[in-house]
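Reading through the structure tokens given below for one structure.
The values are calculated or read from the model by the stated rules, or taken from the named source; none is laboratory data. Predicted model only: the values in this text are computed from it and were never measured. Neighbour counts are summed over all protein chains in view; Cβ atoms, including those assigned to glycine, are modelled from backbone coordinates with ideal geometry. The area values use the complete protein model at the heavy-atom level, side chains included, leaving out ligands, DNA and RNA. Shrake-Rupley method; radii C 1.70, N 1.55, O 1.52, S 1.80 Å.
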Amino acid sequence: MSTVAQDSTTPVSIRERLLAWKEILETANPPATRPLDTVGKWLVITRAAVFPMTIWSGLIGGLLAVTAARTTTGLTVDYWLLTISVVGLVLAHAANNMINDYFDSSGGVDTPGYVRALYAPHPILSGWVTRRQLAAAIIAVNVIDAGLMLYLTAVRGPLILVFALAGLFISVFYVAPPIRLKHHGLGEPGVFLVWGPLMVGGTFLAATGTIPGWVLLVSVPYALLVTSVLFGKHIDKIEADAAIGVRTLPVILGESRARTVGSWLMIAFYPLTVLAVVVGLLGPWVLLVVLGIPRLLSVLKVFAQPKPLEPPPGYPERGWPLWFVGYAFVHTRRAGGLLTLGLLLNALLPVTLPWL
């Protein structure tokens, strides 16, 4: 993996910085040949490359609110509160990633030979920050997030607090003792709840001040996609996790069954989305998600076979030993983007099916 550093005496153009940040967001690693500045360093530490999953969740909730406001008397969207909500979600995701690294390193899970330290620099193990500095960053981000949460609560009421604290609980105790959800096969269900009902529903609530049950239902297909990404990552780490007693769902299920479950999590997104359109919960523009099926089919071929013993020719060297997670993430980014685009078109160019 690259750890390119920039000599402080060498000027760096804005273009070079932007290209470096773009590479980080595409690879989750420091740029191979471009300079690594402070912003880039923290993009790596917070694992900003996976933020699109959270942005899609927030935008899905917001666009559902915009569409609902068109047809529901008395329902309006506060775009300022919607923006604050989405920003808060991204900050919470950044804090969650740092919390995972902090507690997994202090708990003896993350070591120099463990998977986490091989596919990208570990904030502490790489020497980029000390344990105290990472803890300070976690506290700082959570303090900002708490301020946003309290502001939204003051405007929208205590139910916002319920959504936010439920997400914080899962985020912290995903790896933190004494609960450690990930260690007991509960990390995957936790991610499903956070990236689905809590993020999508919470954003809708922040934007409108209400949370109808149908919003929580239509959050399920996208939540399954995000869960498939975590499944892929935990399949990649199945041997390493089993060796140290971390019982993720793939460890419990076994590698072959876990690949099957991961595949069905991705597959289920499509019929569930179509069903939501057929019954009138979503507008027909979201059927654009079918354009993600070619990508799905290619990813299913990968999940149908065990992980190769070594990266095949052309595979990004810096991504190894991860395998399944990268394919699942690319599919989720594609399918989530198409769903978001469809929801945007539903809001801008509403179409009603003849039987509704």
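So here's what we get for this one:
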{"read-out": "Sorted peptide list for 207-216, 97-106, criterion being average Cβ within 10 angstrom, highest first", "value": "97-106, 207-216"}
{"read-out": "Contact order normalised by residue count of the chain, Cα under 8 Å, 6+ apart, percent", "value": "18"}
{"read-out": "Entry for Cα extents along the principal axes in Å (calculated from the structure that is shown) out of (1) 92, 43, 36; (2) 68, 58, 34; (3) 57, 46, 45", "value": "(3)"}
{"read-out": "Debye log10 I(q)/I(0) at q = 0.11, 0.12 Å⁻¹ for the stretch 215-336, Cα point scatterers", "value": "-0.40, -0.47"}
{"read-out": "Cα-based reach from Lys41 at 28 Å (exclusive), listing lysines while leaving out same-chain residues under 8 positions away", "value": "Lys22, Lys182, Lys233, Lys237"}
{"read-out": "Share of carbon and sulfur in the accessible heavy-atom surface of the stretch 1-141 [1.4 Å probe, %]", "value": "63"}
{"read-out": "The stretch 60-131, accessible area per residue, ligands and nucleic acids excluded (1.4 Å, Å²)", "value": "39"}
{"read-out": "Size of electric dipole in the chain: Cβ of Lys, Arg +1 and of Asp, Glu -1, about Cα centre, debye, nearest 20", "value": "240"}
{"read-out": "In degrees, nearest ten, helix 159-173 long axis to first principal axis of the chain (Cα)", "value": "20"}
{"read-out": "Per residue accessible area in Å² of the stretch 175-215, where ligands, DNA and RNA are left out and the probe is 1.4 Å", "value": "30"}
{"read-out": "Relative contact order of the stretch 234-348, pairs being alpha-carbon contacts under 8 Å that are 6 or more residues apart, as %", "value": "32"}
{"read-out": "Per residue accessible area in Å² of the stretch 252-338, where ligands, DNA and RNA are left out and the probe is 1.4 Å", "value": "50"}
{"read-out": "Surface share of carbon and sulfur [accessible, 1.4 angstrom probe, percent] for the stretch 160-241", "value": "77"}
